[in-house]
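Every number here is computed from the coordinates shown, using simple stated rules; none is lab data. Treat the numbers as computed from the prediction; the structure is a model and nothing was measured. Positions of Cβ are backbone-derived with ideal geometry, glycine not excepted, and every protein chain shown enters the neighbour counts.
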Amino acid sequence: MSDRVIFPLQASCGQPGWSDGELAEIRAATEPLTQSGRPIDIGWGISDEGDPWFAVTDAASGDPVLHLTRLNNSFTAVGPGLGGALHARDLRTLITESTRRLLLQNASPPGSS
């Protein structure tokens with residue numbers, strides 16, 4: 001007998017968690033944050049409701065930088081540097097705009113935001 005436990009990862013909308021392509025796209029889009037000198041940690045999973053999420057945190061402080069989720073075939077990004085929640089039907093559009101805003105924030109002199 002095995003001690004292995006299998007949890008279903010099927011989302012309520014009929015989609016599984018992030019696809020390999022979506023994860024690759026998200027990770028590629030967050031790479032400029034690392035290249036800008038900001039050490040980050042990433043993690044992803046599936047909420048209790050079955051919706052995939054992806055989190056980027058500051059590696060030094062553990063503070064949230066960016067949180068992405070897919071709900072009902074729409075994508076949402078939230079984070080302290082975004083100026084509010086961003087929503088899009090296209091993942092690439094959402095992460096491109098999120099990363100652009102975060103890089104602008106990183107480039108701003110202290111106290112200018």
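Counting other beta carbons within 10 Å of each Cβ, put 63, 58 in order, fewest first. The partial results should precede the final answer.
Values: 63 10, 58 14.
Exposure proxy ranking, most exposed first: 63, 58.
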Given axes a ≥ b ≥ c from the Cα gyration tensor, I'd like to know whether region 24-70 is rounded (a/c under 1.5), prolate (a/b larger than b/c) or oblate. oblate
Sequence of 92, 101 once ranked by neighbouring C-beta atoms within 10 Å, starting from the fewest: 92, 101
Distance in nm between pseudo-label sites at residue 76 and residue 58 (7 Å out along the Cβ direction from Cα): 2.4 nm
